Amino acid sequence: MDEEANAGGLLSQFEQILESDPAIDEIGFVHPSQFVNLNEQARHSVPSSSGSVCNVLCSAEGNTMFWNRDHKLGISTEVLIPLYREAKHALMAANRTGIESEIMNHSRAALLISSDFGTAWHSRKIVLLKKHKLSTFLEELIFSVLVLSYAPKCEHAWSHRRWVIKSIAGKCSTLQEIVTKESELVEKIAERSKMNYRAWYHRCWLVSYMTTEQSLHELKRSRKWAGLHVADHSCFHYRRQLMLSILEDRCCKQENVSSSYSVKINQLWKEELDWDEMLIKRYIGREALWLHRRFLSLFWIKHFLTGHTGLPSHWKHKTSMNNDFGIFVDHELNLLQSCSIIPDNNFDDYQAQATYSATYMLWLIKQIPDSSGFEFREKLRTENLKALLNKACSEMSSTWDSLVAYAETSDHYAKES
């Protein structure tokens, strides 16, 4: 009974703290030994402009359980298990009675201890659907940010945010502002939570709710972040989603678009190609940059040669396709030449750079239609690529032999036909 009473008291204290300070924006789990340092720092720190004070709650034995200052809440790791158990039991009891306020309070407490408690997320959805008020949905976005403050890779939290946005889409006049803030939230979380694929998936999902102007702004704004995180595939995938969204939007409105917009689309891709090349030369041996270039090159080829992008036909006739394609091919060959130099065999990044550039060119050979690729294939001898690949990564020689043989066989059949 004493343990149950203590657990009940813990939950009451925890929920009281959350109610008394609704502006809490970060939660962390603190080892008991670290509370001494926190209290010491609080005594010597300058009072915040908000005038908040340090709120410390201790057990009967004098052990610190909760520490709250400047809207940051620390929870002792000693009380996590009993606190979660009590919150879970209280939530289950509230679900049986159907009292909405208790369901929301107890589910909040449970999720701030264990973000993967799916039943708690589902219980909140039921209450939100019953109330069906815009204000409660917006408050739910604030709450899930608090969960993400300690569990930035929580799939339940990201999925819950998407559910909320779907629920208010078409009913909220500030939806575009919410989408912009969501994108900023992902970038903030991605900065402190590396390789957070769930967060980046959420940001890619947001693209479908963006206007063309928002997509263009996001493309411009995310360039700096991508340039500082060149090993993060997710950020470049996000940029690709933005570019495809811009293109798709213009294709859907092609009857109202002047032919001059083709120049803007071309310029958008050309700037991205030039920027990607700059990063490739600056940051040696980064695979994400070469994969991004494949996407950009594939569109470039389809636009100028096959016209499979769905763009209006008069766009393609007003550009010097052959001349532009020739320039593109020569440029890629020059890039290969500059990246194939291995000045130091002991520096793995140079070897990786040479490997990525050679495999990129092998890939590029396969993308160019047979009717337009003979001149390119004459310029780029596959035996030269084979020698480069074997030099850069000799332990994969059998793989390189197979890839080069495949390219040569396809070329041979193309000439016969």
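Estimated at the nearest 10 Å², the accessible area of residue 278 is 70 Å² with a 1.4 Å probe. The listed residues 239, 294, 96, once ranked by accessible area (1.4 Å probe) with the largest placed first, stand as 96, 294, 239.
Shown are 150, 360, 197, whose ranking by accessible area with a 1.4 Å probe and every protein chain present, most to least, is 197, 150, 360.
Summarising the label geometry, the points placed 7 Å from Cα in the beta-carbon direction at residue 37 and residue 71 lie 2.5 nm from one another.
Length gain on complete extension for the stretch residue 331 to residue 155, per 0.36 nm per residue less the alpha carbon to alpha carbon distance?
On the way: separation 176, 0.36 × 176 = 63.36 nm, distance 4.26 nm.
Extra length from residue 331 to residue 155 when fully extended: 59.1 nm.
Taking a point 7 Å from the Cα of residue 193 along the Cα-to-Cβ direction, the residues of the stretch 129-172 with backbone N closer than 14 Å to it are 143-162. In this simple spin-label model, placing a label point 7 Å from the Cα along the Cα-to-Cβ direction at both residue 298 and residue 174 gives a separation of 4.0 nm. As a ratio to 2.2 N^0.38 Å, the alpha-carbon radius of gyration computed for the stretch 144-205 takes the value 1.08. A cut-off of 5 Å between modelled amide H atoms, ignoring neighbours fewer than 5 places along the same chain, links residue 26 with 73. The phi-based Karplus calculation (6.51 cos²θ - 1.76 cosθ + 1.60; θ = phi - 60°) puts the 3J(HN,Hα) values of the stretch 16-30 at 5, 4, 5, 6, 6, 10, x, 8, 4, 10, 7, 10, x, 9, 10 Hz, whole numbers, x for Gly and Pro.
The values are calculated or read from the model by the stated rules, or taken from the named source; none is laboratory data. Values in this document were obtained by computation on a predicted structure and should not be read as measured data. Cβ atoms come from the backbone with ideal geometry, glycine included; neighbour counts cover every protein chain shown. Calculation scope for accessible area: heavy atoms of the full protein, side chains included, ligands and nucleic acids excluded. Shrake-Rupley method; radii C 1.70, N 1.55, O 1.52, S 1.80 Å.
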